[in-house]
1. Identify, please: which residue in the range 28-47 is touching a residue at least 12 places away in the same chain (Cβ under 8 Å) and in a helix (DSSP H, G or I) and is, among those, nearest to residue 65 (Cα to Cα)?
2. For a quick check of your reading of the model, give me the residue pairs whose first member lies in the range 51-71 and is at positive phi and at pLDDT 95 or above, whose second is in a loop (DSSP other than H, G, I, E, B) and exposed (fewer than 10 other Cβ atoms within 10 Å of the Cβ), with beta-carbon atoms closer than 9 Å and at least 6 apart or on different chains.
3. Taking the conditions exactly as written (in contact with a strand residue (DSSP E or B) (Cβ under 9 Å, 6 or more places away or on another chain) and at pLDDT 95 or above), does residue 42 satisfy them or not?
4. For the range 76-85, check the following and say yes or no: at least one residue is without any contact (Cβ under 8 Å) to a residue 24 or more places away in the chain and within 30 Å of residue 26 (Cβ to Cβ).
5. Is it the case, given these coordinates, that residue 18 is at pLDDT below 75 and either surrounded by 10 or more Cβ atoms within 10 Å (Cβ to Cβ) or part of a loop (DSSP other than H, G, I, E, B) (or both)?
6. I'd like to verify a number: residues in the range 48-76 that are in a helix (DSSP H, G or I), out of contact with any strand residue (DSSP E or B) (no Cβ under 8 Å at 6 or more places or on another chain) and within 26 Å of residue 20 (Cα to Cα), how many?
């Protein structure tokens with residue numbers, strides 16, 4: 001998913017690997033850490049409070065919406081220097 005907007009921004013054809021995220025909760029557990037994957041804001045707040053008060057390494061896996069990346073990283077970032085003058 002991330003490679004698509006990057007390649008489009010550089011006018012490159014779609015090519016290469018299609019990366020997938022690992023299961024970070026399981027990955028964290030394999031190293032002795034605690035992992036959380038909230039599915040709502042309410043769950044996030046609960047897991048954040050738990051993680052902040054827990055001992056050891058705590059991982060919170062949050063979903064990222066990449067849909068705005070093409071606009072932000074390919075268009076607005078190029079306009080930014082002009083807009084701050």
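1. Among residues in the range 28-47 that are touching a residue at least 12 places away in the same chain (Cβ under 8 Å) and in a helix (DSSP H, G or I), the one nearest to residue 65 (Cα to Cα) is 44.
2. Close Cβ pairs (under 9 Å, with a partner that is in a loop (DSSP other than H, G, I, E, B) and exposed (fewer than 10 other Cβ atoms within 10 Å of the Cβ)) amount to 56/32.
3. no
4. No: zero hits.
5. yes
6. Of the residues in the range 48-76, 10 are in a helix (DSSP H, G or I), out of contact with any strand residue (DSSP E or B) (no Cβ under 8 Å at 6 or more places or on another chain) and within 26 Å of residue 20 (Cα to Cα).
The values are calculated or read from the model by the stated rules, or taken from the named source; none is laboratory data. Keep in mind the model is a prediction, meaning the values are calculated, not measured. Using ideal geometry, Cβ is built from the backbone for each residue, glycine included, and neighbour counts are taken over all protein chains shown.
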